[in-house]
Each structure stands twice: as structure tokens, then as C-alpha cells.
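Read the structure below first, then the notes.
The values are calculated or read from the model by the stated rules, or taken from the named source; none is laboratory data. Predicted model, so just to flag it, every value in this text is computed and none were measured. With ideal geometry, Cβ positions are generated from the backbone for all residues, glycine too; neighbour counts draw on all protein chains shown.
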């Protein structure tokens, strides 16, 4: 299998590796409260985005050798780096109420659903002459990097505490931090069929 990888696939594996290590470093941060672990986890997610952008660029440059695994590999890497890892980062910084976990799970499931829909419908959405997909339905999952940057700025400014900006509320049997709703809005935007974004 490794011999079938293209250079674009190697970059995609780099994307997945950055996301996975970021998750492990979040766990280290929870266990030790060492801020260096958090910052390493944080910076790995923009690094994953760089790998994600570069893998598409390299794939387009090397048209002679198309990857059999490329599209699926890219989607699986994106689930880790732009779905699970940002959710774990939010949990790490205090979004740990019962409703928070429901919203974070919704965010990840929306990301998985959006990527699956793209993989299934990409042939239908492709331009007949060029074979390229003209637009995304819903926001691409890498846009979750905006949430990551928001959390990074909050941490840098020392605004992250037990209440995580907008407080925490008891709703029925569980707690909700209103900040978690940003994840919910992002997830809903990912699965929107009416929101169409031109694909570069």
C-alpha cells in the first residue's frame, strides 16, 4: 500500500498526523496542565491546514500519477484534523458540560456527513468539460480552523477560565457553555445544501 502513495498522499498523511498528535497533546495538557502541550496542540492544527492545501496543489501538479486512495484519504484526514481535533481542543479548554459534549459531537458528525456527501456527489457536481467540482455544498470542514484560532486568541489573552467567556448555564440535567454554540453553527453550515461556495 505504501508503494501506491503519491507525494500528495504523503502530505495528506501529514495532515492526519498533525491532527492526531494535536489530540494526544490535548490529553497531555489535561493530565499535566503544561501550557506548552496546549500551544503545541494548537499550532499543529494550522500545520494540518497547510498540509491539506499543499496536498491538493501537489495532486494537480502531478496529473500523470493519480492516487487511487487520494480522495478518501483526504476526507479521513480532514475528519481527524478539522473535526475531532478542534472538538477535543474545545473540550480541553473547558467545554465539558453535558450539552457541550452533545454539541461537540454534533459538530464532528456534521463534518463526517459533509465529507461523505462530497465524496458521493463530487461526480455529479463536476464540470463536464474539466472534470473539476465547481462548488462546495455547505462550508468545507477545514473552515473549523476559524474556531481553533478563536480559542487560541482566547488562551493567549488569558480569557479562558472555568466559565469560558460567556458563562455556563444549567439547562435541565446538564451544563452548557454558550461558546459551544459556535461549533453547532459551524456544523450546521457544513451540512447546508443551500449554501454553495465556489471551489478554488
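General observations
- Check on residue 22, assigned to a helix (DSSP H, G or I) and in contact (Cβ under 8 Å) with a residue 60 or more places away in the chain: yes
- Looking only at the range 167-197, residues that are in a strand (DSSP E or B), over 18 Å from residue 115 (Cβ atoms) and touching a residue at least 60 places away in the same chain (Cβ under 8 Å) come to 4 in all.
- Every pair of residues 6+ apart whose Cβ atoms lie under 6 Å, when the first sits in the range 48-64 and is at positive phi and outside any helix (DSSP H, G or I) while the second is surrounded by 13 or more Cβ atoms within 10 Å (Cβ to Cβ) and modelled with pLDDT under 95: none
- Boolean, residue 16 is part of a helix (DSSP H, G or I) and exposed (fewer than 15 other Cβ atoms within 10 Å of the Cβ): no
- For residue 160, the conditions (1) assigned to a helix (DSSP H, G or I); (2) buried (at least 16 other Cβ atoms within 10 Å of the Cβ); (3) at pLDDT below 90 all hold with the exception of (1).
Listed here are the residues, each with its yes/no results for (1) surrounded by fewer than 20 Cβ atoms within 10 Å (Cβ to Cβ); (2) at pLDDT 95 or above; (3) under 13 Å from the mean Cα position of the chain (by Cα).
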site: 44; (1), (2), (3): no, yes, yes
site: 65; (1), (2), (3): yes, no, no
site: 86; (1), (2), (3): no, yes, yes
site: 93; (1), (2), (3): no, no, no
site: 96; (1), (2), (3): yes, no, no
site: 121; (1), (2), (3): yes, no, no
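- Residue satisfying condition, being modelled with pLDDT under 90, part of a helix (DSSP H, G or I) and under 25 Å from residue 44 (Cβ atoms), within set 72, 100: 72
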